[in-house]
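The values are calculated or read from the model by the stated rules, or taken from the named source; none is laboratory data. Keep in mind it's a predicted model, so treat the numbers as computed, not measured. Every residue, glycine among them, receives a Cβ derived from its backbone with ideal geometry; neighbour counts consider all protein chains shown.
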Amino acid sequence: MAHHMVEVAILAGSASDSPVVERTAAVLKENGISYEARIISAHREPDALDEFVRSSGCKVFITIAGLSAALPGIVASKTSRPVIGVPVSGKLMGFDALLSIAQMPKGVPVACVGIDNGENAALLAIRILSIK
């Protein structure tokens, strides 16, 4: 399944992350950046995630996840493109997700923005896209 050539792919781990997805998408849209948004769980749908990352033509991934927040790291392990992680507040005020995203092993870089701060993820993606 080929995906359109969008500049940014927004991936969320759960439907409960939708409010953050919407705020992220709104900033991209305001700035004329093409994007697509999908909900794919790293834990429950690993094969679908594999296929999406492989077939996406995007330049930057924004990954939105709460709790153990495996999504950003797994995406980063499957691509050489930039990955931005957005931790979502859940049981532990988002600290669990924040630490999961920030503490990637060496060789698997993920940029991490503040808890629930999809807006900054979008702005960072725009800055990355502006590098020539």
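Observations, loosely collected:
- For the criterion of being among the aliphatic types (A, V, I, L, M), at pLDDT below 95 and over 16 Å from Val20 (Cα atoms), Ile126 fails.
- Of all residues in the range 77-89, those satisfying the criterion of being free of Cβ contacts under 8 Å to residues at least 60 places away in the same chain and either under 13 Å from Ile64 (Cα atoms) or part of a loop (DSSP other than H, G, I, E, B) (or both) are Thr79, Ser80, Arg81, Pro82, Val83, Ile84, Gly85, Pro87, Ser89.
- Among the residues of the range 28-46, the ones that are modelled with pLDDT under 95 and in a strand (DSSP E or B) come to 0 in all.
- Of all residues making up the range 90-132, the number that are at negative phi, in a loop (DSSP other than H, G, I, E, B) and under 15 Å from the mean Cα position of the chain (by Cα): 8
- Residues in the range 78-96 that are buried (at least 18 other Cβ atoms within 10 Å of the Cβ) and modelled with pLDDT of 95 or more: Pro82, Val83, Ile84, Gly85, Val86, Pro87, Val88.
- Taking the range 29-55 as the range and being in contact (Cβ under 8 Å) with a residue 40 or more places away in the chain, over 20 Å from Ile101 (Cβ atoms) and surrounded by 13 or more Cβ atoms within 10 Å (Cβ to Cβ) as the test, the residues that pass are Ile33, Glu51.
- When Ala9 is tested against (1) closer than 14 Å to Ala121 by Cβ; (2) of a type in the set (Gly, Ala, Ser); (3) assigned to a helix (DSSP H, G or I), just one condition goes unmet, and that condition is (3).
- Residue that is farthest from Val113 (Cα to Cα), among those in the range 50-70 that are assigned to a helix (DSSP H, G or I) and either small (Gly, Ala, Ser) or under 12 Å from the mean Cα position of the chain (by Cα) (or both): Ser55
- Residue check, Asp47 acidic (Asp, Glu) and under 12 Å from the mean Cα position of the chain (by Cα): no
- With respect to the conditions (1) in contact with a Gly (Cβ under 7 Å, 6 or more places away or on another chain); (2) part of a helix (DSSP H, G or I); (3) among the small types (Gly, Ala, Ser), Gly73 falls short on a single one, namely (1).
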